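Q: Can you keep this structure in mind? I'll have questions shortly.
The values are calculated or read from the model by the stated rules, or taken from the named source; none is laboratory data. Quick caveat, the model's predicted, so the values are computed rather than measured. All Cβ positions, even for glycine, are placed from backbone atoms using ideal geometry, and neighbour counts span all protein chains on display. Note: accessible area is taken over every heavy atom of the protein model, side chains too, but ligands, DNA and RNA are not part of it. Shrake-Rupley method; radii C 1.70, N 1.55, O 1.52, S 1.80 Å.
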Amino acid sequence: MRVLVIGSGGREHALLIGLKNDPSVTDLHVAPGNAGTSAIATNHAVDIVSGEAVVALARKIGADLVVIGPEVPLVAGVADTLREAGIATFGPSARAAQIEGSKAFAKDVMAAAGVRTAHAEVVDNPAHLDAALDRFGPTWVVKDDGLAAGKGVVVTTDRDVARDHAAECLESGHPVLLESFLDGPEVSLFCLVDGETVVPLLPAQDHKRVGDNDAGPNTGGMGAYTPLPWLPEGMTERIVDEVVKPVAAEMVKRGIPFSGLLYAGLAIGKDGPAVVEFNCRFGDPETQAVLALLKSPLGEALYATATGKLAELPPLEWQDGAAVTVVVAAENYPGKPRTGDVITGAEAEGVLHAGTARNADGQIVSAGGRVLAVVGTGADLAEARAQAYSRIEKVKLPGSHYRSDIGRKALEGQISI
């Protein structure tokens, strides 16, 4: 099977590594890829938001399967163009991708499906903002209704900060979603979805804020771990039954069945799971940790989903133990990152590339905000953390920073529902 992966981040590098370990996958391509993916796949410079360009590349290399990593080409309808060309594609249609592309659409689907989520109001007129803000608090959750690469959300107890973020979104032409605050630890659950068939992967927890102890602004994600030792037994099945299956069924009912990876971001409170958000693709950096423990052939699972045969897939098998991924970010991230710095140790085992490129001398250099994701595995969370941080010490990037506490609260028993 020849597979083309669309995207350039750590998620795509993790997908490629997983696909390389599948004996049925004989040839790997990625567009555009990064400095790390070129070691295991052929990189192609293509406009990934152009369905026609992606179809042309898929035909040129004879791709049997195209796997779309990021949300932007999905929301833009690249999967639709590929399917119209008769190419098996892992990733939802543009209409189904609205589950991530429009927070308001997701809320409407959840309401119809009877899924627990935060109370929300959409504000699309600056004149209505102050009155709406008065109906929320003392913790305000303000979300950009469009795609914002994980950085469009502000959670704050400061009304002025909430108002400033909302006003900025409105000024850029985006409606704003105000939500009630959901208490409880967060869980990311990825599910392969093919119509009404749902197959969950391992639950993970992302660390969104830039600094240790959840200090500083939100980012695209600074690290993750799986599985979750504090999650009650049976909670994954409960999330599937109470959240993912009802949403998948509602999408089918609306004539826009979901095909691909549905990511449920949840808060687990005393009353059970409540949805914080949905994403229409694998999450980054959780993918790096989750796929590190997958024993089943990844290509087989993605192809079954893409071709409507997920119900026939054998149950997924997982390695025992735990996995931890820690993101190495460029200086000034999540602000405008410093780029172009030479990285040493970037080709070591467990080091996945995200924002990297090669300079004129062939050296690996930083080319984005989240530059690398370093993965460790072990018999338990302590071992996995130790391996991840041991590996990260060997990576050198001037001005870079990373969190030292990924998975620490779970390890020390500080997370409870």
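Conditions (1) open to solvent by 20 Å² or more (accessible area, probe 1.4 Å); (2) touching a helix residue (DSSP H, G or I) at 6+ places or on another chain (Cβ under 7 Å); (3) charged (D, E, K, R); (4) closer than 23 Å to residue 300 by Cβ, marked per residue:
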{"position": "1", "(1), (2), (3), (4)": "yes, yes, no, yes"}
{"position": "5", "(1), (2), (3), (4)": "no, yes, no, yes"}
{"position": "8", "(1), (2), (3), (4)": "yes, no, no, no"}
{"position": "24", "(1), (2), (3), (4)": "yes, yes, no, yes"}
{"position": "38", "(1), (2), (3), (4)": "yes, no, no, no"}
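Q: Separate question: For the range 1-89, which helices (runs of 4 or more DSSP H) that fit wholly inside it have 3 or more residues that are touching a residue at least 40 places away in the same chain (Cβ under 8 Å)? Give the steps one after another, and end with the answer.
A: Details: elements: 10-20, 51-61, 71-75, 78-84.
Once the helices (runs of 4 or more DSSP H) in the range 1-89 are filtered for at least 3 residues that are touching a residue at least 40 places away in the same chain (Cβ under 8 Å), what remains is 10-20, 51-61, 71-75.
Q: Could you go through the range 173-196 and let me know if any residue there is hydroxyl-bearing (Ser, Thr, Tyr) and surrounded by fewer than 20 Cβ atoms within 10 Å (Cβ to Cβ).
A: yes
Q: Checking residue 283 against (1) open to solvent by 20 Å² or more (accessible area, probe 1.4 Å); (2) not in a helix (DSSP H, G or I): exactly one of these is not met. Which one?
A: Unmet condition: (1).
Q: Quickly run through the range 188-216 and pick out the residues that are within 18 Å of the chain's Cα centre (by Cα) and either of a type in the set (Ser, Thr, Tyr) or more than 30 Å from residue 256 (Cα to Cα) (or both).
A: Selection gives 188, 207, 208, 209, 210.
Q: Name the one entry in 128, 119 that is within 19 Å of residue 175 (Cα to Cα) and touching a Ser or Thr at 6+ places or on another chain (Cβ under 6 Å). Can you show your working first?
A: Values: 128 fails: touching a Ser or Thr at 6+ places or on another chain (Cβ under 6 Å).
Exactly one residue qualifies, and that residue is 119.
Q: Turning to a different aspect of this structure: Testing residue 155 on (1) open to solvent by 40 Å² or more (accessible area, probe 1.4 Å); (2) modelled with pLDDT of 90 or more; (3) part of a strand (DSSP E or B), one condition comes back false. Which one is that?
A: For residue 155, the exception is condition (2).
Q: Could I ask something else about it? Keeping to the range 353-367, report how many residues are buried (at least 20 other Cβ atoms within 10 Å of the Cβ) and either touching a Pro at 6+ places or on another chain (Cβ under 9 Å) or assigned to a loop (DSSP other than H, G, I, E, B) (or both).
A: Matching residues across the range 353-367 total 4.
Q: Which residue is nearest to residue 169 (Cα to Cα), if the candidates are limited to the range 97-111 and must be open to solvent by 60 Å² or more (accessible area, probe 1.4 Å) and of a type outside the set (D, E, K, R)? Outline the logic, then answer.
A: Quick first cut of the range 97-111, residues open to solvent by 60 Å² or more (accessible area, probe 1.4 Å) only: 98, 108, 111.
If we keep only those that are of a type outside the set (D, E, K, R) as well, we get 98, 111.
Values: 98: 19, 111: 25 Å.
So, considering only residues that are open to solvent by 60 Å² or more (accessible area, probe 1.4 Å) and of a type outside the set (D, E, K, R), the one nearest to residue 169 (Cα to Cα) is 98.
Q: Here are some residues: 252, 240, 247. Which one is in contact (Cβ under 8 Å) with a residue 24 or more places away in the chain, open to solvent by 30 Å² or more (accessible area, probe 1.4 Å), among the aliphatic types (A, V, I, L, M) and out of contact with any Leu (no Cβ under 7 Å at 6 or more places or on another chain)?
A: On the way: 240 fails: open to solvent by 30 Å² or more (accessible area, probe 1.4 Å); 247 fails: open to solvent by 30 Å² or more (accessible area, probe 1.4 Å).
Testing whether each residue is in contact (Cβ under 8 Å) with a residue 24 or more places away in the chain, open to solvent by 30 Å² or more (accessible area, probe 1.4 Å), among the aliphatic types (A, V, I, L, M) and out of contact with any Leu (no Cβ under 7 Å at 6 or more places or on another chain) leaves just 252.
Q: Going through the range 192-248 one residue at a time, which ones are more than 26 Å from residue 310 (Cα to Cα), out of contact with any Ser or Thr (no Cβ under 9 Å at 6 or more places or on another chain) and part of a helix (DSSP H, G or I)?
A: Residues satisfying the conditions are 213, 214.
Q: What do you reckon, is residue 91 on the phi > 0 side of the Ramachandran plot and buried (at least 23 other Cβ atoms within 10 Å of the Cβ)? Even if it seems obvious, please write down each step before you answer.
A: Working: on the phi > 0 side of the Ramachandran plot: yes; buried (at least 23 other Cβ atoms within 10 Å of the Cβ): yes.
The answer is yes for residue 91.
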